[in-house]
Amino acid sequence: MLKANVYVTLKPGVLDPQGEAVQKSLHVLGYEAVEEVRIGKFIEVWMQDTDQETATAQLREMSDKLLANPVIEDFRVELAGAERP
């Protein structure tokens, strides 16, 4: 099995109301040094063994079509290459 991590984040300039709410809450808790919070998604994908080039291409396609909204989100694919425990 091949493990991949997909990180999805909002593009710069896209408003992040959830991040703003977390930032305000952190300030209330006394963490005034926090200047900005951006909320994203972390997705683990397990795939059958395949070569890394094919896996990366498929993961980018999956992310572009379903896992991320390419209009407002960026994504990064990272192959972990680990066996499932």
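Counting lysine pairs in the chain whose alpha carbons fall under 19 angstrom apart, excluding pairs fewer than 8 residues apart on the same chain, gives 4. How far, in degrees from 0 to 90, does helix 52-62 lean away from the longest principal axis of the Cα atoms of the chain, to the nearest 10? The answer is roughly 50 degrees.
Here the label points at M1 and F42, each 7 Å from Cα along the C-beta direction, are separated by 1.8 nm in the simple model.
Can you pull out the trypsin sites (Lys or Arg not before Pro) in the chain that DSSP calls coil and that have at most 15 other Cβ atoms within 10 Å? Within the chain, the qualifying trypsin sites (Lys or Arg not before Pro) (loop, at most 15 other Cβ atoms within 10 Å) are R38. Sequence gap at least 6, Cα distance under 8 Å: using those rules, report the relative contact order of the chain to the nearest whole percent. Answer for the chain is 54 percent.
The length gained on full extension between T56 and L79, counted as 0.36 nm times the residue separation minus their Cα-Cα distance, comes to 7.5 nm. Modelled label positions at L15 and E35, each set 7 Å beyond Cα in the direction of Cβ, lie 2.3 nm from each other. Under 5 Å from the amide H of E73 lie the amide H atoms of K11, each residue being 5 or more positions distant or on a separate chain, with H modelled from the backbone and absent for Pro and chain starts. Checking every one of the GluC sites (Glu not before Pro) in the stretch 1-48 against DSSP loop status and a limit of 16 other Cβ atoms within 10 Å picks out E32, E35, E36. Could you derive backbone 3J(HN,Hα) for the stretch 64-69 from the dihedral phi with the Karplus parameters 6.51, -1.76 and 1.60 (θ = phi - 60°), listing whole Hz in sequence and x where the residue is Gly or Pro? Per-residue couplings from phi come out as 5, 8, 9, 6, 10, 9 Hz.
Every number here is computed from the coordinates shown, using simple stated rules; none is lab data. Fair warning: this is a prediction, and the values are worked out from it, not measured in the lab. Every residue, glycine among them, receives a Cβ derived from its backbone with ideal geometry; neighbour counts consider all protein chains shown.
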